[in-house]
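Undergrad: Have a look at this one.
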Amino acid sequence: MRTFTIAVIAGDGVGTEVIPQSKRVLEKAARKHQVNLSFQDFDWGAEHYFRWGRMMPAGAIDLLQPCDAILLGAVGHPDIPDHTTLNGLLLPIRRTFDQYANVRPAYLYPGVQSPLAKAKGGEIDLVVVRENTEGEYAQVGGFVYQLQPEEVAIQTSVFTRRGVERIVRFAFELAVKRNKKRRVTSITKSNAQGFSMVLWDRTFQDVAAKFPQVETESLLVDAAAMNFIRRPESFDVVVGSNLFGDILSDISAIIIGSMGLAASANLDPLRRFPSMFEPVHGSAPDIAGKGVVNPLATILSAAMMLDHLQMDQAARDVESAVAAVLAEGKVRTPDLGGSSSTEEVTDAVLEKLG
Ligand code: GGG
């Protein structure tokens with residue numbers, strides 16, 4: 001029997017509730033397909049920070065590297081600044097393992113009510129592809145006169161032709177693979193950002209020329225935000241920088257009914273390093289510990305992990321089980337208007353898995 005080693009970082013807040021549930025689903029799906037998943041749990045995150053002054057130990061990357069994939073819950077704690085939690089765990093993993101494609105699908109499942117009055121099940125079906133290693137999140141900059149009244153902060157975005165080209169190519173290849181609308185929308189703000197985003201536009205045109213079978217569209221990020229609300233059904237694959245992809249994928253998450261349904265993958269498409277799978281949502285301290293967080297975003301992220309590990313049928317089984325639970329509409333957490341617990345929703349998914 002084939003064995004995959006999965007590094008598991010439950011992290012903080014609701015991360016510690018959704019991860020055990022997604023492991024239950026993964027175990028059942030793997031058993032059904034005669035695959036063995038060996039989970040290696042790492043107790044990194046806010047508690048580790050309170051104890052040791054850092055979100056993860058110095059040798060963390062070396063411990064993760066031999067694993068086949070990483071499953072992450074959430075990071076963030078009300079008593080630690082967000083830039084400390086993010087830069088102490090999530091961002092270094094994405095960058096060190098060159099997980100340059102952050103893939104965030106948004107599908108409106110039949111049976112789920114979108115806040116957009118006209119949207120019907122199946123009508124929203126898009127993927128935000130976010131550049132994940134450079135751009136606005138490159139962490140280049142510093143303070144001058146730090147903590148003085150005349151303090152200056154400089155934060156520089158980094159856009160390389162290689163970085164833009166590879167993420168745009170990934171988006172085109174995904175549009176071909178999905179074989180739906182075969183449309184790639186590029187997001188910039190090149191009217192105001194006349195260097196980095198102009199490089200992005202030029203690179204997009206160069207890559208697009210190699211995919212004549214794929215329709216293209218270029219939108220400024222403000223127009224894209226509006227059109228995600230006005231005509232979400234027109235989008236297929238949407239590619240944008242680290243910051244723009246982050247923001248737009250929160251809009252795409254909420255128009256499909258809940259952040260609790262938004263899955264994501266941080267991929268190294270070249271498979272040199274482990275890829276990482278996580279729900280789009282954070283640690284949600286307001287509902288943490290109450291047993292009501294929606295586990296489906298993490299379960300769907302786990303399905304993306306199975307797909308990446310080439311367990312295609314197991315991935316489809318998990319997605320179908322989630323779709324069946326949502327279509328039935330009986331068991332759902334409060335974010336979807338229900339009163340079921342995190343565990344009850346997982347039980348329902350397990351039952352559908354058969
Ligand atoms: N699910 C992982 C998590 O906690 N995400 C919260 C967050 O702040 N993410 C920022 C990002 O994706 O760049």
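No lab work stands behind these numbers, since they all come straight from the coordinates. Here the structure is a predicted model, which means the values were calculated and not measured. Note that each Cβ is placed from the backbone with ideal geometry, even for glycine, and that neighbours are counted across all protein chains shown.
Undergrad: If you go through region 105-139, how many residues are of a type in the set (D, E, K, R) and touching a strand residue (DSSP E or B) at 6+ places or on another chain (Cβ under 8 Å)?
TA: Quick first cut of region 105-139, residues of a type in the set (D, E, K, R) only: 118, 120, 123, 125, 130-131, 134, 136.
From the residues that got through so far, the ones that are touching a strand residue (DSSP E or B) at 6+ places or on another chain (Cβ under 8 Å) too are 125, 130-131, 134, 136.
The total comes to 5.
Undergrad: If a residue must be among the charged types (D, E, K, R) and either outside any loop (DSSP other than H, G, I, E, B) or at positive phi (or both), how many such residues does region 243-280 contain? Give the steps one after another, and end with the answer.
TA: Initially, region 243-280 is screened for residues among the charged types (D, E, K, R), giving 246, 250, 268, 271-272, 278.
Filter again for either outside any loop (DSSP other than H, G, I, E, B) or at positive phi (or both), leaving 246, 250, 271, 278.
Total meeting the criteria: 4.
Undergrad: Collect the residues in region 42-79 that are part of a loop (DSSP other than H, G, I, E, B), within 12 Å of the ligand (Cβ to nearest atom) and farther than 25 Å from Phe4 by Cβ, keeping them in residue-number order. Working first, answer last.
TA: Of all residues in region 42-79, those part of a loop (DSSP other than H, G, I, E, B) come to 42-45, 53-59, 65-68, 75-79.
Going one step further and asking which of them are within 12 Å of the ligand (Cβ to nearest atom), we end up with 45, 55, 75-77.
Answer for region 42-79, where residues must be part of a loop (DSSP other than H, G, I, E, B), within 12 Å of the ligand (Cβ to nearest atom) and farther than 25 Å from Phe4 by Cβ: Met55, Gly76, His77.
Undergrad: For Ala138, state whether it is within 14 Å of the ligand (Cβ to nearest atom), more than 23 Å from Glu217 (Cβ to Cβ) and either part of a loop (DSSP other than H, G, I, E, B) or among the hydrophobic types (A, V, I, L, M, F, W, C) (or both). Steps first, please.
TA: Working: within 14 Å of the ligand (Cβ to nearest atom): yes; more than 23 Å from Glu217 (Cβ to Cβ): yes; either part of a loop (DSSP other than H, G, I, E, B) or among the hydrophobic types (A, V, I, L, M, F, W, C) (or both): yes.
Yes.
Undergrad: Scan region 325-349 for residues that are buried (at least 18 other Cβ atoms within 10 Å of the Cβ) and either among the hydroxyl-bearing types (Ser, Thr, Tyr) or touching a helix residue (DSSP H, G or I) at 6+ places or on another chain (Cβ under 6 Å) (or both) and jot them down.
TA: Matches in region 325-349: Val325, Val331, Thr333, Asp335, Ser340, Ser341, Thr342, Thr346, Ala348, Val349.
Undergrad: Taking the stated definitions as given, is Ser283 in a helix (DSSP H, G or I) and either touching a strand residue (DSSP E or B) at 6+ places or on another chain (Cβ under 8 Å) or surrounded by fewer than 22 Cβ atoms within 10 Å (Cβ to Cβ) (or both)?
TA: Values: in a helix (DSSP H, G or I): no; either touching a strand residue (DSSP E or B) at 6+ places or on another chain (Cβ under 8 Å) or surrounded by fewer than 22 Cβ atoms within 10 Å (Cβ to Cβ) (or both): yes.
So Ser283 fails the test.
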